[in-house]
Amino acid sequence: MKQQLEQIRLNGLRALDEAQSLAALEELRVKLLGKKGELTAVLKTMGKLSPEERPVMGQLANSVRADMEQKLEQRKAQLDAAALEAKLAAEAIDVTIPGEPVTLGHQHPMNQVLQEIKDIFVGLGYQVVDGPEVELAQYNFTKLNIEEGHPSRDRSDTFYFTDDDSLLLRTQTSPMQIRAMENTKPPICILAPGRVYRKDEADATHSPMFHQIEGLVVDEGITMGDLKGALVSLMKRIYGEDAVMRFRPHHFPFTEPSCEMDMQCHKCHGTGEVDGQVCSTCHGEGWIELLGAGMVHPKVLEGCGIDPSKYSGFAFGMGLERMAMGRMRINDLRLIFDNDVRFLNQF
Ligand code: PHE
């Protein structure tokens, strides 16, 4: 029996040493140490031994079991470690490979200029308000003293929704003047930026959708001087102290007197020519029209329930894209809407 046990120990330890997987190891455990295993089979014959031999063999059998159990644990640890090693190697991440940069966008150049303009007017005490792009003809035209038959009401200029021409895409932000005057009592001091729509062919300075910023101030004693002061200070803040601009008399049905303000063309510096060619940015004019303005017409004030003998006001409506073109030195308005990142990245 002693020999038998020693043989089991020898073979068992060798087999465990050679086991190549955890599954093979488990199979060996059952074969060597299990209830139906080799060692158990030998122990079952102990009864046949003499009382003197029994404890000696018993001790030997225990040491064989202990050796095999110890070897089993040891081999299992080795195989576990090898498996972990293999897994780590397979899942290895090369932390030295350069990462993919996350590109962050930024504000659109037109919005940057809008923000600058809003900041300046908020600093002057204006309140920024928002209004509908789908507007009633009443607000876009009638209440602004633009009568039936006026050319700007023409179907070739305005996008209408209804056959009776009562609902439209606003052609200007000026209806916000009416909305402000109907909703609040003077003093009124608002800025209303937003989209407007006209049936225009797109060119370097036109687009069928563009943005205007409407301004309206109504109070006692407001004069044309206040209007000029506000606009000149805006232009100096946006274009610098040496910005060149001019006011031209003009006509709007809802202001009297009315004017337009131009800025000297930033491309040709007022000459109307670039390298002997007609300047493409201002069409040879030397000036870029930025806004219309004037003193709110007494009829318009009255229509909104404001007494023109007590109150007066000024209003202006400027083209945001035109402002951005001058501010950012953009030569073609269409670039602002194309959203080509090669263009946008420059700002
Ligand atoms: N709404 C006019 C336009 O679109 C501009 C304007 C606004 C003129 C306010 C006078 C007063 O041309």
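The values are calculated or read from the model by the stated rules, or taken from the named source; none is laboratory data. None of the values given here were measured: they were computed from a predicted structure. Cβ sites come from the backbone with ideal geometry, for glycine too, and all protein chains shown count toward neighbours. When the accessible area is computed, the model is the full protein with side chains, heavy atoms only, and any ligands, DNA or RNA have been set aside. Shrake-Rupley method; radii C 1.70, N 1.55, O 1.52, S 1.80 Å.
For the range 266-347, the solvent-accessible area of protein heavy atoms averages 49 Å² per residue (probe radius 1.4 Å; ligands and nucleic acids excluded).
Centre-to-centre separation between the Cα atoms of the range 283-347 and those of the range 38-103: 84 Å.
For Asn331, project a label point 7 Å along Cα to C-beta. Then give me every residue of the range 196-210 with its amide nitrogen under 13 Å of that point. Hits in the range 196-210 for Asn331 at 13 Å: 204. Given a cut-off of 27 Å, name the pairs among Lys143/Lys185; Lys228/Lys310; Lys199/Lys310; Lys185/Lys236 whose C-alpha atoms lie farther apart than that in the structure shown. Check vs 27 Å cut-off fails for Lys199/Lys310; Lys185/Lys236. Note on Ile93 and Val341: the model spin-label points, each 7 Å out from Cα along the C-beta direction, lie 2.5 nm apart. Beta bridges per DSSP, both residues in the chain: antiparallel share near 95 percent. Shown for the range 179-262: the carbon plus sulfur share of the solvent-accessible area, taken with all protein chains present and a 1.4 angstrom probe, equals 51%.
Please report the spacing between the Cα centers of the range 190-261 and the range 4-29 in Å, no decimals. Centre-to-centre distance over Cα atoms comes out at 95 Å. Extension gain for Asp164-His106 works out to 16.5 nm (0.36 nm per residue, less the C-alpha to C-alpha distance). Computed over the chain, relative contact order equals 15 percent, with contacts defined as Cα pairs under 8 Å that lie 6+ residues apart. Counting only lysines at least 8 places from Lys44 when in the same chain, those with an alpha carbon closer than 23 Å to its own are Lys2, Lys31, Lys35, Lys36. Of all aspartates and glutamates in the structure, the ones whose alpha carbon falls short of 20 Å from that of Lys267, not counting any fewer than 8 places away in one chain, are Asp203, Glu241, Asp242, Asp275, Glu285, Glu289, Glu321, Asp332.
Compared with the dominant Cα axis of the chain, that is its longest principal axis, helix 2-18 is turned about 20°. Of all lysines in the structure, the ones whose alpha carbon falls short of 19 Å from that of Lys87, not counting any fewer than 8 places away in one chain, are Lys76. Computed on the range 290-338, with alpha-carbon pairs under 8 angstrom and 6+ residues apart, the relative contact order is 38 percent. Remark on Thr205: its backbone amide H falls under 5 Å from those of Leu333, a criterion applied only to residues 5 or more positions apart or on other chains, H modelled at 1.01 Å from N.
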